[in-house]
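Here is the structure we will look at, set down as structure tokens.
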Amino acid sequence: MFYREAGQFKTNYADDQAAFPVREDRIGIILLAVLAAVVVPIVASDFVLNTIMIPFLIFALATIGLNVLTGYCGQLSLGTGAFMGVGAYACYKLTSIFPDVNIVLWVLCSGVFSAAVGVVFGLPSLRIKGFYLAVATLAAQFFLEWCFIRIPWLYNNNASGAIEVPTREAFGVALTGPTAEPLTRYLIVLAIVVVMTFLVGNLLRGRIGRTWMMIRDMDIAAELIGVRPLYAKLSAFAVSSFVCGVAGAMFVFFWLGAAEPASFNIRLSFQVLFMVILGGLGSMAGSFMGAAFIFIMPILIRMVPAAFGLDVDAATVEHLNFVIIGALIIGILIAEPHGLARLWSVLRQKLRVWPFPY
Amino acid sequence: MDILYRIVIDPFVQMVATPDFLIQVLWEGFVAGVLYALIALGFVLIFKASGVFNFAQGIMVVFAALSLVGFVEVGVPAPIAFVLCLGVMLVLAVGVERLVLRPLVNQPDIILFMATIGLTFFLIGLGELIFGGEPKTMVTEELFLPTGSSVWEPAGLGPDGAPGFILFQHLDVAAAAIALALVAALGFFFSKTRIGRALRAVADDHQAALSVGISLNQIWVIVWFAAGVVALFTGIMWGARSDVSFALEIIAFKALPVLILGGFTSIPGAIVGGLIIGIGEKLGEIYWGPLVGGGIESWLAYMIALVFLLFRPQGLFGERIIERI
């Protein structure tokens, strides 16, 4: 009734191939964009921006990155955290060597380094598949983590071994560093995430994205009809690592403010993988939903005891948090193995035919 | 040229100059390898029987060791605590089968893999809630495990022909012996008993096994319990060598390269892979590690495994991968 595409005729090819062919979807996207770009900055406090919105967007971008590789190209990777780290360290080095260049440009450039590293560690995917590949990507995770610790050049020979984000300005406004306003950082992150999502989304709809999906569905068959696995797999690794690298650079520069090698450990990789799986493999909208769910849920759980006036010490809450997250992950996988994106598509279908059952 | 010399020649010169030290390194690599093999064995058991890549094996090791120490702390004699721990692992196996595996049957591998990561989180949280986060000391002596060490001084193996000096921790000897005994017992169990045959049938073909009347659910409980028992032994051994804490979870990541090296489905593979990784890692760390600043243990095993994988994508002993359209 409210969500019905009957009567929306497509009269040319451009309409037919639009990213959102249904008018209601377009309206929904515009509403979401207005909400994120106008309403949130007005309504949300600095605290909310800093603890929820900025990391949520960054994680969503990282999730999209991993989703390209795992959800669309079918290559299971456990090295996301390290690829994000490459982006962060590359950005740090670039901005220390060329401090006058706009930081946003370096954040985007750092993805290139991450993509190069991703391609190198993607090479084994040509020979090995499935869980063997997943374990092979762990090699990337541990090797790169070791590099972050053992190569002092990467963190400018700091005594602390951590990278500290310097203050960088553009047009007289501090973009990064301790003096940057959360609102500024939020708007930059939002812009980068929206642009990247748009680009990756279109990449996925085109020829390259289709070859990835062919590789995912059956690589031998794809090979037989002329998809070159070398190019398809490595380009998926490159794009995925690029996106993850940008997310990693933003992770440090626009959110954490400082990072040590342990920030990019295997936990981060798993966290992003959870977001991909719970959001839905092979779904852009699912990436956002998964990131929101996995990132925001622990924050909410932490707030529960205080809300009921219970005095539980922080460590216990943290442990309970682990128990609840573990149980919830299993529960959601049992209830909906295809993730939150599937829930949304079921709901959408119901809305389309409402008030009739089918 | 200097760097080439230090990579290609110098380590071997060192090895020849002090053979006793080399033997010591090999021995320690061997013991570590046996223990890696034990963890890998837990993975292989479950992967063979249910096709689940059980990420929770590492945390099961910690959980088993912690509950053993926990029982002893509340005053249960160690041998009884050991039996109680077996009970805990059985409860865990039944619980996992009922609550995780059964509802997720027939789902893609990656979903099951994710579920075991969920299980890992659950067990980490539960373990810390019950036992607290601090490291604990393993009850080595109560379990009648030997402590102390003995020295072997073989003539002429030291530097410049002096007598060598090789230290054997009694605990390591016991660990190796127990691990080998456990592997032998599992081998016997798999090849000679009725349940073992059923397990192998399930590993070969789920549907064929079902059609001849083997209960998959029962088999899953049995393999998860067997993996739990392996985890308990591993936990005791690792716990006795260092403290029992959640840091032990890291050793699961040591077992993964062993797995891909040996093949996910092969018990001999897990053992041989464990030894290759254990010895290779120690040799690399001692002789080549200082060249790049040390600490290479964390990834060297993966690199060794990757090199092997490039030549045999299914691991050393894995089943040949046949793909059909």
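Table for the structure above
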| item | result |
| --- | --- |
| Options B:G75, B:G42; residue that is among the small types (G, A, S), open to solvent by 10 Å² or more (accessible area, probe 1.4 Å) and either more than 14 Å from every other protein chain (Cβ to nearest Cβ) or free of Cβ contacts under 8 Å to residues at least 24 places away in the same chain (or both) | B:G75 |
| Unique match (being surrounded by 14 or more Cβ atoms within 10 Å (Cβ to Cβ), free of Cβ contacts under 8 Å to residues at least 60 places away in the same chain and over 23 Å from A:F264 (Cα atoms)) among A:T184, A:T179 | A:T184 |
| Filter pass, A:G331 being open to solvent by 30 Å² or more (accessible area, probe 1.4 Å) and outside any helix (DSSP H, G or I) | no |
| Single condition A:R150 does not satisfy, out of (1) open to solvent by 60 Å² or more (accessible area, probe 1.4 Å); (2) more than 14 Å from chain B (Cβ to nearest Cβ); (3) among the charged types (D, E, K, R) | (2) |
| Conditions (1) touching a strand residue (DSSP E or B) at 6+ places or on another chain (Cβ under 7 Å); (2) part of a loop (DSSP other than H, G, I, E, B); number of the one not met by B:F53 | (1) |
| Helices (runs of 4 or more DSSP H) contained in segment A:211-319 and holding at least 1 residues surrounded by 23 or more Cβ atoms within 10 Å (Cβ to Cβ), of a type outside the set (A, V, I, L, M) and within 12 Å of chain B (Cβ to nearest Cβ) | A:266-279, A:284-307 |
| Conditions (1) more than 14 Å from chain B (Cβ to nearest Cβ); (2) more than 14 Å from the chain's Cα centre (by Cα); (3) modelled with pLDDT of 85 or more; (4) open to solvent by 30 Å² or more (accessible area, probe 1.4 Å); number of the one not met by A:I324 | (1) |
| Every pair of residues 6+ apart whose Cβ atoms lie under 6 Å, when the first sits in segment A:39-64 and is touching a residue at least 60 places away in the same chain (Cβ under 8 Å) and over 23 Å from A:T80 (Cα atoms) while the second is of a type in the set (A, V, I, L, M) and in a helix (DSSP H, G or I) | A:P41/A:L183 |
| Residue match in segment B:51-69 (condition: within 30 Å of B:V272 (Cα to Cα), surrounded by fewer than 24 Cβ atoms within 10 Å (Cβ to Cβ) and out of contact with any helix residue (DSSP H, G or I) (no Cβ under 6 Å at 6 or more places or on another chain)) | yes |
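So that you can scan it fast, the table gives a plain yes or no per residue for (1) in contact (Cβ under 8 Å) with a residue 40 or more places away in the chain; (2) over 30 Å from B:P108 (Cα atoms); (3) of a type in the set (S, T, Y):
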position: B:V16; (1), (2), (3): no, yes, no
position: B:D20; (1), (2), (3): yes, yes, no
position: B:F55; (1), (2), (3): yes, no, no
position: B:V91; (1), (2), (3): no, no, no
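The values are calculated or read from the model by the stated rules, or taken from the named source; none is laboratory data. Predicted, not measured: the structure shown is a model, and the values here were computed from it. With ideal geometry, Cβ positions are generated from the backbone for all residues, glycine too; neighbour counts draw on all protein chains shown. Remember, those area values only see protein heavy atoms, side chains included, never the ligands or the DNA or RNA. Shrake-Rupley method; radii C 1.70, N 1.55, O 1.52, S 1.80 Å.
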